[in-house]
Amino acid sequence: AGFHVATQDPDDRRMAIAIYQAVYDSELDSVAERRAALRGVVFVTLQMDARLSGVAGKVPAYLRLCVVDSDPLGRHRLAGGPGCESERAGLGHEHPLVFAGRQWELRGSADPDQVPDGAGRSTWTIASVGLLSAAMLGASLLITTGRTRRIESAVRERTAALRAEVAERHVAESALRASEQRFRNIIDNVPIGVVYTDLAGRVIQANPRYCELTGYDEGELTRLSPEALTHPEDLANDQLLTAQLVAGEIPMYRRHKRCLNRTGDVVWVRSTVSLLRDPNNQPWRIVGVVEDITEHLRLEEAERAREAAELSNRAKSDFLSRMSHELRTPLNAMLGFAQLLEIDRRHPLTAGQRPWVAQIQQAGWHLLEMINDVLDLSRIDSGNLRLQTGTLDLGEVVQATTALVASDAAKRGIRISQELAPEASAILGDATRVKQILTNLLSNAVKYNIDDGRVHVASRLAATDIVEVSVTDTGMGMTAEQMEELFRPFNRLGRERTALQGTGIGLVISRRLAELMGGSIRVKSVPGEGSSFILRLPKAIDPDTIPSSLDDFAALATDYHRRIVLYVEDNETNVEVMRGILAQRVQVQMEVATTGLGGLASVRERPPHLILLDMHLPDMNGLDLLRHLKADPATSSIPIIVVSADATAQQVDAALDAGAVRYLTKPVGVNELLATVDDLLDQMDTGFS
């Protein structure tokens with residue numbers, strides 16, 4: 001490989017090929033060593049041929065010299081005249097030579113006819129000349145061979161150095177390839193777009209994430225202008241910042257911008273752009289790191305909307321709380337005095353006054369119902385409504401709620417019937433809220449029924465774990481359009497134009513309460529024939545232990561001895577209402593404190609048996625007074641009932657957590673308040689006569 005014979009002489013060409021073959025057939029270790037040996041042999045051959053030519057000039061003209069490679073496959077001339085390797089003259093002599101592992105022959109020959117006085121001369125002359133030539137040729141070969149060995153040694157040393165250099169270069173190239181591969185893997189797999197552009201902003205190279213972000217492949221990106229990838233409103237700012245970057249006015253820049261993808265949609269990105277310089281420190285390329293923040297901005301927007309909604313809910317809750325307190329305070333007086341007038345035995349109402357007082361109470365309780373419904377809806381919407389789920393006896397729930405509407409049904413001749421399946425007798429739910437739902441369904445069935453109509457309550461096991469309770473009436477029914485609007489707040493479906501009272505949010509609250517307890521409410525209705533509301537609730541597993549707080553308050557014994565009840569309240573009207581209620585218990589002595597500090601002094605001066613506490617006092621918060629009384633060992637055992645117009649769930653929970661035994665919201669029911677007071681005072685021993 002790389003060996004070229006320039007001669008046109010066939011013998012010379014055969015000689016060169018023989019030399020080449022001899023070297024490459026040798027047992028040298030590598031190509032480099034063979035090449036070095038080949039160069040050395042060629043050099044020796046050329047030197048030998050020159051030497052032989054020089055010797056030939058010093059011997060008689062009739063004497064011919066020839067050096068032949070005695071390869072068994074064919075003899076090849078190495079030096080001497082053309083064709084000398086095949087001549088067979090009359091006079092001749094052959095002398096063997098060994099060189100580079102090859103068998104050579106030195107031949108001397110002459111034609112007897114050309115030898116002067118050949119007949120009288122001896123062949124010793126030829127032999128002498130041959131020996132002399134062989135000696136000269138041997139000396140020349142020894143000199144040449146020594147030089148060749150030195151060349152070979154130098155070649156080996158240089159070859160070893162080159163091998164070491166090549167090995168080091170291979171190691172460096174391998175490390176460079178590994179480093180480049182790692183860098184490429186990082187760029188290709190990083191979840192952020194990386195793009196290289198020229199100084200004008202045209203894409204030169206982009207990683208897969210940037211291609212995914214824009215919707216174009218790398219080849220398409222290189223053919224697009226910056227205007228095709230940037231929102232028109234952000235293009236001018238991009239150009240300004242890029243110009244400042246190239247001019248060296250800024251080292252880099254970050255900004256939020258809008259990109260346009262393949263479909264023309266806007267993609268919000270956060271871009272960080274830097275400048276790359278060439279070895280002469282001149283601007284060369286621009287590299288940008290681009291991150292898609294569209295979803296992040298959506299989440300931020302949703303978070304801001306959520307915070308705004310929460311702020312709005314808090315504002316609404318605060319407003320409703322204040323309005324509820326302000327409305328409940330006069331309602332407490334109105335309903336309290338109306339109830340006292342109705343139960344006053346010393347000054348009974350006349351026959352004409354009783355309907356008036358009944359109307360006052362009916363209007364007051366209706367207004368209170370509206371306030372409670374609005375507060376319930378607000379609690380449900382804000383997620384502040386707490387439920388205490390337990391096992392309930394469906395029969396007891398239906399019986400208790402039916403009793404609440406039985407009076408109104410009897411007035412219009414409406415019959416209420418029941419058909420409860422034994423296998424569907426136990427349900428899971430909050431006792432108060434289940435009663436609230438069924439009361440609402442039953443009251444609607446009575447309210448929107450026809451005179452002498454019918455209301456039927458039935459239950460069945462709809463699935464292995466679901467109980468269905470249906471309330472069916474024979475009333476007006478509803479159209480499909482009305483049923484679509486049925487569960488929208490404050491929508492009474494045109495009933496507001498009738499004399500029937502309502503708020504339009506009872507069914508909304510009932511449906512949401514059912515969903516909070518893992519159930520649902522659906523409706524079936526036929527215009528002119530009636531409606532059926534179906535409540536679905538989870539079935540209870542164990543119906544044996546059923547707590548029930550749905551029974552009406554039983555008449556408690558009132559034979560306890562004299563008791564002191566302290567009422568801490570600043571509103572004089574509320575004080576008079578409470579005084580009239582507690583006047584029904586002659587053994588109760590009521591004392592009043594109009595401030596928190598005054599109440600604290602009264603408790604320490606003369607400890608009462610029971611404290612009735614309002615939450616809003618002129619000098620301090622009622623909750624603080626409650627905590628202070630419960631923290632003092634001298635007063636911690638006195639039971640405290642909170643009687644307040646603040647009906648928010650947070651306030652109720654805070655008071656009960658602070659140690660209140662009951663929380664009654666204004667307006668209070670006379671019977672409920674008396675039953676609670678009797679229950680607590682009857683458990684105490686008399687401390688004085």
* For residue 589, enumerate residues with amide H under 5 Å from its amide H, sequence gap 5+ or separate chain, H modeled in the peptide plane. => 563, 564, 565
* Structure fact -> residue 347 and residue 484 label points (each 7 Å along its Cα→Cβ direction) are spaced in nm at 5.9 nm
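How much FRET efficiency would the formula 1/(1 + (r/R0)^6) give for residue 672 and residue 399, where r is the Cβ-Cβ distance and R0 is 25 Å, rounded to 0.05? Write out the running numbers ahead of the final one.
On the way: r = 20 Å, r/R0 = 0.78.
After rounding to 0.05, the efficiency reads 0.80.
Given all pairs of different Cα atoms, what value in angstroms does the Kirkwood hydrodynamic radius of segment 198-270 take?
Working: mean 1/r = 0.0775 Å⁻¹.
With all distinct Cα pairs of segment 198-270 included, I get 12.9 Å.
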* Structure fact -> Net charge near residue 230 (other residues with Cβ under 10 Å of its Cβ; Lys, Arg +1; Asp, Glu -1) is -2
* In whole percent, how big is the carbon plus sulfur part of the accessible area of segment 233-391, probe 1.4 Å, protein atoms only? -> 55 percent
* If you plug each phi of segment 178-194 into the Karplus form 6.51 cos²θ - 1.76 cosθ + 1.60 with θ = phi - 60°, what whole-Hz ³J(HN,Hα) values come out, in order, with x for Gly and Pro? -> 5, 5, 5, 5, 4, 4, 5, 4, 4, 5, 6, 10, 5, x, 10, x, 10
* Asked: Using modelled amide H (1.01 Å from N, peptide plane; none on Pro or chain starts), what sits under 5 Å from the amide H of residue 261, excluding residues fewer than 5 places away?
  -> 267
* To do: Quick one: which residues, 5 or more positions from residue 617 or on another chain, have an amide H under 5 Å from its amide H? H modelled 1.01 Å from N in the peptide plane, none for Pro or chain starts.
  => 622
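How much length would be gained if the chain were fully extended between residue 461 and residue 363, taking 0.36 nm per residue of separation minus their Cα-Cα distance, in nm to one decimal? List each step's numbers first, then the result.
Details: separation 98, 0.36 × 98 = 35.28 nm, distance 3.95 nm.
Gain on stretching residue 461 to residue 363: 31.3 nm.
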* Asked: Can you pull the percent of segment 593-635's accessible area that's carbon plus sulfur, 1.4 Å probe, other chains left in place?
  -> 56 percent
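The values are calculated or read from the model by the stated rules, or taken from the named source; none is laboratory data. Keep in mind it's a predicted model, so treat the numbers as computed, not measured. Note: ideal-geometry Cβ built from the backbone for every residue, glycine included; neighbour counts use all protein chains shown. When the accessible area is computed, the model is the full protein with side chains, heavy atoms only, and any ligands, DNA or RNA have been set aside. Shrake-Rupley method; radii C 1.70, N 1.55, O 1.52, S 1.80 Å.
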